[in-house]
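I have placed the structure first, in the form of structure tokens, so that the comments after it can refer back to it.
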Amino acid sequence: MTVSTSAPSSLVARGLVRRYADRVVLDGIDLTASPGRVLALVGENGSGKSTLLRLLAGRELPDSGTASGPDDVGYLDQDLEAAPRATVGEVLDAALAPLHEAVSRLESLAGDLADPWTGSAAADEYGALLDWAVAHEAWDATRRAEEAAHRLGLGDVSPDRPVALLSGGQRARLALAAMLTRRPACLLLDEPTNHLDDDALGYLEQVLRDLPGVVVVASHDRVFLDRVAHQVLDLDAGHFGTDGRGGRVSGLTRGGYSALLADRSAARRRWEEAFAEQQDEIERLRRVAATSARQVGHDRPPRDGDKFIHHFKGENVARTVKRRVADAERRLELLQREPVPKPPVPLSFTGSLAPLAGASVEVRDLVVPGRLSLARLDVPPGDRLLVTGANGCGKSTLLKTLAGRLGSAHAVSGHVTVHARRIGYLPQEVTFRNPSRSATEVYAEATGEPVPLHRLGLLPSRELHRPVGELSLGQQRRLALAMLVASRPDLVLLDEPTNHISLALADELEEALQRSVGTVVVASHDRWLRSRWTGTTLAL
């Protein structure tokens, strides 16, 4: 096998531009990701995080700009690519293959070192391959694969199980386990914390902190960003960037999510102040430009004795005023040609979750074989319940049961009573029957809602008429949330509601949940959400 003998290299992008039809997704992106340091990408849904990762991975080509870095790249997409006909064991074996090949080749080369005819060439290859194998911990690969599968919640899944029979969360964790086992020189991860419980998250954070290579990760997980990110690149950086200083890399923050919030706030404040100052200056210059030379000497008419003096001085004053008017007009033209743009109103969720009280839930001795066993649960009207627990404990199964979505294929025993006029259910995986229809059409057809979709603050106006199938996963989830809000349910069931959505919307959604007067049941791994939850908690 061929390995690189050079020191770990950085991943560098300069001026990346990517367009889809008439829509510019990325416009002049610069970044440098160094070995041993985690660079996080954040931004609103549709801001280009996944697109940027695909460009860096070489899965797409930019319309302009360049990206260069290590040859050994591992890319984890939100839309998993594991072959459905493969088994769990085959996926992990494929990740282990180059590591096992390196060890086997080293053993073969060791026998050639004493040969006087081949020893010199063998020594060179042996040294380079040995460095690579040590960096990738090749001798420990099998144990590491077993640990990754176990820590990521796949310990009870048979190696012979076909990937096609895994749940979406299991497929995501399998792909992540394979990627972490392989330890590529450059690791690109798109929303890796989705579907992970606390133990799995702790394991992922530990591995990423210890990796010697380049790591770039797009994530909505606020605690994760605080714990692993050395730098955060904000793709929503405004006119003054994220750090308030402006420039092409001004969206870069040193630190995690908490540092990002502080920098965003400072940048927004400076932008608003600069805009206000410029508007004041434009108004002042307009007043100056409106000054007329006829105003010269208007305080008093000249007397006979000083007509000559006034005429002389008056001409000087007139010339001065004329220059001042010309200077003001030139300055005004410059400001109007290069204005500080008005800070846009941030996209903000204005929906009200569960506006009507009255729904309640009663569960007794519920058993879904292999998925859930719950002796008792009472959710009174107006209660807010957070369901937590490790992967596989039955959180999603509980919500599906309450929503009546579990299906007849599952043998369910016990007593479940839901008193609700209307149930609103947001599953982990959102699908739409006709992805070619626009977001506005899907919303109108599903809800008949007279309130325009854009007023909920979930999708920007430019995305409302795009086909649903072309929206990002986060934007599709926002649309599903908008449809739920429009149905005005009195029982809201949300399964991992902060998955795939932006940091800002996650904060606003949590606030909406806290102030809701209806009955809400939320299943979530989100540690940030859980740390701020003030309602009832059920740990499965």
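General observations
- Residues of the range 446-493 satisfying the condition of being of a type in the set (Gly, Ala, Ser) and at pLDDT 85 or above: 469, 480
- Residue 385 vs. criteria over 18 Å from residue 518 (Cβ atoms), among the aliphatic types (A, V, I, L, M) and crowded, with 19+ Cβ neighbours inside 10 Å: no
- Scanning the range 11-53 for residues that are open to solvent by 30 Å² or more (accessible area, probe 1.4 Å), free of Cβ contacts under 8 Å to residues at least 40 places away in the same chain and in contact with a strand residue (DSSP E or B) (Cβ under 8 Å, 6 or more places away or on another chain) turns up 24, 27, 32.
- Taken together, the residues in the range 488-515 that are in a loop (DSSP other than H, G, I, E, B) and under 18 Å from the mean Cα position of the chain (by Cα) amount to 7.
- Beta carbons closer than 9 Å, at least 6 apart along the sequence or on distinct chains, pair a first residue in the range 97-122 that is in a loop (DSSP other than H, G, I, E, B) with a second that is surrounded by fewer than 14 Cβ atoms within 10 Å (Cβ to Cβ) and modelled with pLDDT of 70 or more for 113/123.
- Filter result for residue 82 (at pLDDT below 80, open to solvent by less than 70 Å² (accessible area, probe 1.4 Å), within 21 Å of residue 183 (Cα to Cα) and not charged (D, E, K, R)): yes
- Residue 164 meets the stated requirement of being open to solvent by 20 Å² or more (accessible area, probe 1.4 Å), farther than 29 Å from residue 254 by Cβ and either of a type in the set (S, T, N, Q) or in a helix (DSSP H, G or I) (or both).
- Residue list for the range 132-155, filter: at pLDDT below 85 and of a type in the set (Asp, Glu): 137
- Residue 525 being under 30 Å from residue 369 (Cβ atoms), open to solvent by 10 Å² or more (accessible area, probe 1.4 Å), touching an Asp or Glu at 6+ places or on another chain (Cβ under 9 Å) and not in a loop (DSSP other than H, G, I, E, B): no
- Just one of the listed residues (462, 405, 466) is crowded, with 18+ Cβ neighbours inside 10 Å and out of contact with any Asp or Glu (no Cβ under 9 Å at 6 or more places or on another chain), and it is 466.
The values are calculated or read from the model by the stated rules, or taken from the named source; none is laboratory data. Fair warning: this is a prediction, and the values are worked out from it, not measured in the lab. Cβ coordinates were reconstructed from backbone atoms using ideal geometry, including for glycine residues, and neighbour counts include every protein chain displayed. Heads up: the accessible areas ignore ligands, DNA and RNA and are worked out on the full protein's heavy atoms, side chains in. Shrake-Rupley method; radii C 1.70, N 1.55, O 1.52, S 1.80 Å.
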